[in-house]
Amino acid sequence: MAQQNFPNELGCVNSFTVKAMLWLNGLAHIIIGLALAVTVIMFTWLFFQDIQKAIYASNLVHGFLHALGTLMLLWTISALIMAEVRYLQGCKLEVDTFIEVGMVVMLRKLIVLPVQDASPNWGELMMWVGAAFMLGIMFAVVRWGQRLGESRRTRSSDKNKE
């Protein structure tokens, strides 16, 4: 959507500013991608440390749940990396990626709740379960909307071919 009432005299400044901002945005996304890559290495290291601690403490169930929580964090980073890769390849950022990340964070919390230092009360537990349930519904609605949009685009392109 182009702005019609932008002064022609400032066209060069506007063009330079837009190019500089696009370049800066590209640089920012490269930095985000590198930071996510470093995060993968850090969470992988943390996962193996959690396993090692569980073996040395002779408490495999407790340690396994902590390690599984770390893997869930790695899953969220993986989803964010895929979103970043798609963005750098020219695709839009999709909202379902961020809903998926939220669901994984909720699932992680539910997994590590039993091994926290302080036991959660029923209200806290129900809050986390309810939030995870609502994110699941939101994810289903977004995916349904995406499929509906794709089927409409397919039908309209089929009509244009006729």
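The values are calculated or read from the model by the stated rules, or taken from the named source; none is laboratory data. Here the structure is a predicted model, which means the values were calculated and not measured. Using ideal geometry, Cβ is built from the backbone for each residue, glycine included, and neighbour counts are taken over all protein chains shown.
For VAL112, are the conditions met, namely being of a type outside the set (Ser, Thr, Tyr) and either in contact with a Lys or Arg (Cβ under 9 Å, 6 or more places away or on another chain) or farther than 24 Å from ILE41 by Cα (or both)?
For VAL112, the condition - of a type outside the set (Ser, Thr, Tyr) and either in contact with a Lys or Arg (Cβ under 9 Å, 6 or more places away or on another chain) or farther than 24 Å from ILE41 by Cα (or both) - is not met.
So is ALA140 loosely packed, with under 15 Cβ neighbours inside 10 Å, of a type in the set (Gly, Ala, Ser), at pLDDT 85 or above and not in a loop (DSSP other than H, G, I, E, B) or not?
Spelling it out, ALA140 is indeed loosely packed, with under 15 Cβ neighbours inside 10 Å, of a type in the set (Gly, Ala, Ser), at pLDDT 85 or above and not in a loop (DSSP other than H, G, I, E, B).
PRO120 passes all but one of (1) more than 16 Å from the chain's Cα centre (by Cα); (2) in a helix (DSSP H, G or I); (3) surrounded by 15 or more Cβ atoms within 10 Å (Cβ to Cβ); which number fails?
That leaves (2) as the condition not met.
For the range 88-111, give me the residue count where each residue is in contact (Cβ under 8 Å) with a residue 40 or more places away in the chain and of a type in the set (A, V, I, L, M, F, W, C).
Summing the residues that are in contact (Cβ under 8 Å) with a residue 40 or more places away in the chain and of a type in the set (A, V, I, L, M, F, W, C) in the range 88-111 gives 4.
So LEU46 clears everything in (1) closer than 28 Å to LEU24 by Cβ; (2) surrounded by 15 or more Cβ atoms within 10 Å (Cβ to Cβ) except one condition, right? Which one?
(1)
Please go through the range 84-98 and give me each residue that is surrounded by 12 or more Cβ atoms within 10 Å (Cβ to Cβ) and farther than 20 Å from THR39 by Cα, ordered by number.
Result: GLU94, VAL95, ASP96.
Looking at the range 60-76 only, could you name the residues that are within 13 Å of PHE43 (Cβ to Cβ), among the β-branched types (Val, Ile, Thr) and either out of contact with any Phe, Trp or Tyr (no Cβ under 6 Å at 6 or more places or on another chain) or not in a helix (DSSP H, G or I) (or both)?
Scanning the range 60-76 gives a single hit, THR76.
Out of (1) within 30 Å of GLY145 (Cβ to Cβ); (2) assigned to a helix (DSSP H, G or I); (3) within 16 Å of the chain's Cα centre (by Cα), what's the single condition that is false for VAL40?
(1)
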